[in-house]
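Shown next, in structure tokens, is the structure this report addresses.
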Amino acid sequence: MAESGVAKVKAEYVITNNQYLVPDHKRELVQEYVTPEVKQAIDKKSQGEDEEDNESGPPSKKIKLKGRNKKRHLPPKTDRGDKLCHALVHGHCKFGESCKFDHDIERFMKSKPEDIGENCYVFETFGKCPYSFACRYGKKHTAPDFSNIINNELYEKTGKFPTVYNTLDKKVQDDLRRKKYDFAKANKVFRQIEKFVDESKSIIKSTENISSGSDESSAKSQGDTDAADCPAETVKIFDINFADKLYLAPLTTVGNLPFRRICKSLGADITCGEMALITNILQGKQSEWALLKRHKCEDLFGVQICGGWPDTLLRGAQLINETLDVDFVDLNCGCPIDLIYNKGEGCGLMRKTNKLCKVVMGMSQMLDVPFTVKMRTGIYADKSIAHELIPKLRDAGASLVTLHGRSREQRYTRLADWEYIDKCAKLGSPMPEQRHWDISSSERFDMLKNFVNYGLEHWGSDQQGVETVRRFLLEWLSFLHRYIPVGLLEQVPQKINERPPFYVGRNDLETLMKSSNCGDWIKITLVSEQ
């Protein structure tokens, strides 16, 4: 009998333990890419020499670190004087001799690690690599005097045209940081909605008292949400048509721009950026604005924001409307993590129906594009409230509501409640057709190599950019190894809450890609960068 919660794999591929079945001589294919320093560190750890000897003096107090990534801590950063001035890579440093960073390019080149590969994807695609001599693939576009070689013919055709939009303008960033950005429009709409709510009894009361296992409070909240509708005279609704289109939902960390380009090539029609915190957007934080960037291949693109206060979200809506090129804006009411929920954001907004209605009315007024909402079935597993909220949000101005068929309590551990989703949709549009694609290991590996190329283009091909690409590739692999190829499954499809059993793939690469060992993920990244 199959174990509960484990995907059903054909018997001929199942193994009894998590042994690694790729022969040692084939595993050496990836060992050649490991630097001598890494090999030395691995040897020391295997021999128990990873800690410094302390023969003299009292023994030092050791702090026990928990978790599988306890060795992740990096050494302290080097002094600024030892770090190359970044401005030299892209041109000329305006500070000259007074610059606190190193300007000795020859010394940098002597200490620079050996190039990872022969061909620079950015140079071969656009004719110019902006990372010049610092590029880890820069042998072909770096002259003997360390100047940057440019393929002018190719650059004239492709390099001069932007491929990424929605970058943060420097003036906008300065105005946000100095609190000089003019939010008069958002403030006016917020005051109007607040005044209307105070004078009107038609706004539904808060469902803050919804609790698990309390019949009295549940009955009370049911009555509250049925009390009345949101005022139609304050509503602006845009038509939006997602019918028969494949929508790639926002995915925190994994759903970055290079990943979305991969999904576009596989047939995604609609893409959406990762969840961005509206408070960080309003503070002009570059790292948060990076989540709003759009590639030119994303022809139907939206951004998802997360916040907990109407006035803040209205200012964010105005800022997005005035500075970004998007086709829709989505409000996250489904994030279940405690850090977000405890601040009244994400799923926390579902507890405050009055506040949520204000947010939807205000943001739909501020935006010139459709406004959508993402939510869960409710807070608690035994009390679904989405069917009560969806009509109210529609009347308040939401053009579309996306429903995750699990409650906050369930997170991702239970199967989605498709019957409840059908109830909420009132048997509206039919479900999209499914495709069971038995993708080969070589196709999956080509996908990873494309991700690396897109990542080098997006984050950079210098040392910092390469490390960023590796970080996000490893993050993706930490999920991707759970995928079981369709050809190995006894029952299709694999469900999201079914973990893979111990099994062997149809070839060595497929076996490697199913490994849950993070060391094997690193080997995959080393080979995919070649």
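The values are calculated or read from the model by the stated rules, or taken from the named source; none is laboratory data. Every value quoted in this text rests on a predicted model; they were computed, and no experiment measured them. Methodologically, a virtual Cβ is constructed for each residue, glycine included, from the backbone with ideal geometry; neighbour enumeration extends over all protein chains shown. Protein only, heavy atoms only, side chains kept; ligands, DNA and RNA dropped before computing areas. Shrake-Rupley method; radii C 1.70, N 1.55, O 1.52, S 1.80 Å.
Quickly run through segment 187-210 and pick out the residues that are within 22 Å of M350 (Cβ to Cβ), hydrophobic (A, V, I, L, M, F, W, C) and modelled with pLDDT under 80.
V197, I203, I204, I210
Of the conditions (1) surrounded by fewer than 17 Cβ atoms within 10 Å (Cβ to Cβ); (2) polar (S, T, N, Q); (3) under 24 Å from the mean Cα position of the chain (by Cα), Q491 clears all except one; give me its number.
Q491 satisfies all of (1) surrounded by fewer than 17 Cβ atoms within 10 Å (Cβ to Cβ); (2) polar (S, T, N, Q); (3) under 24 Å from the mean Cα position of the chain (by Cα) except (3).
Among the residues of segment 504-515, write down those that are in a loop (DSSP other than H, G, I, E, B) and open to solvent by less than 50 Å² (accessible area, probe 1.4 Å). Walk me through how you get there before you give the answer.
To start, the set of residues in segment 504-515 that are in a loop (DSSP other than H, G, I, E, B) comprises 504-507, 514-515.
Correct list: V504, G505, K514, S515.
Yes or no: P258 buried (at least 20 other Cβ atoms within 10 Å of the Cβ) and within 12 Å of the chain's Cα centre (by Cα)?
Values: buried (at least 20 other Cβ atoms within 10 Å of the Cβ): yes; within 12 Å of the chain's Cα centre (by Cα): yes.
For P258, the condition - buried (at least 20 other Cβ atoms within 10 Å of the Cβ) and within 12 Å of the chain's Cα centre (by Cα) - is met.
Residues of segment 267-292 being at positive phi and open to solvent by less than 10 Å² (accessible area, probe 1.4 Å), which ones? Spell out the reasoning first.
Within segment 267-292, the subset at positive phi is 267, 284.
G284, the sole residue that qualifies.
Just need a number here: residues in segment 402-418 that are under 24 Å from the mean Cα position of the chain (by Cα), open to solvent by 40 Å² or more (accessible area, probe 1.4 Å) and not basic (K, R).
Step one: of segment 402-418, the residues under 24 Å from the mean Cα position of the chain (by Cα) are 402-416.
Now narrow it down to the ones that are open to solvent by 40 Å² or more (accessible area, probe 1.4 Å): 402, 409, 411-415.
From what's left, not basic (K, R): 402, 409, 412-413, 415.
Total meeting the criteria: 5.
Please determine whether any residue of segment 425-446 is of a type in the set (A, V, I, L, M), open to solvent by 70 Å² or more (accessible area, probe 1.4 Å), farther than 21 Å from T16 by Cα and more than 18 Å from the chain's Cα centre (by Cα).
Of segment 425-446, the ones of a type in the set (A, V, I, L, M) are 425, 427, 431, 439.
Next, only the ones that are open to solvent by 70 Å² or more (accessible area, probe 1.4 Å) stay: 427, 431.
If we keep only those that are farther than 21 Å from T16 by Cα as well, we get 427, 431.
Restricting the remaining residues to those that are more than 18 Å from the chain's Cα centre (by Cα) gives 427, 431.
Yes: one or more hits.
When you go through (1) of a type in the set (D, E); (2) under 30 Å from R136 (Cα atoms); (3) touching a residue at least 24 places away in the same chain (Cβ under 8 Å) one by one for E467, which number turns out not to apply?
Among (1) of a type in the set (D, E); (2) under 30 Å from R136 (Cα atoms); (3) touching a residue at least 24 places away in the same chain (Cβ under 8 Å), E467 violates only (3).
Looking only at residues in segment 82-123 that are closer than 23 Å to E156 by Cβ and touching a residue at least 24 places away in the same chain (Cβ under 8 Å), which one is surrounded by the fewest Cβ atoms within 10 Å (Cβ to Cβ)?
It comes out as H90.
Could you count how many residues in segment 461-503 are in contact with a Phe, Trp or Tyr (Cβ under 6 Å, 6 or more places away or on another chain) and assigned to a loop (DSSP other than H, G, I, E, B)?
Number satisfying all stated conditions: 2.
So, restricting to helices (runs of 4 or more DSSP H) that lie completely within segment 49-142, which ones have at least 3 residues that are modelled with pLDDT of 90 or more and either of a type in the set (D, E) or under 26 Å from P162 (Cα atoms) (or both)? Before you say what the answer is, go through the steps one by one.
Values: elements: 86-90, 105-111, 121-126.
Because the criterion is at least 3 residues that are modelled with pLDDT of 90 or more and either of a type in the set (D, E) or under 26 Å from P162 (Cα atoms) (or both), the helices (runs of 4 or more DSSP H) in segment 49-142 that meet it are 121-126.
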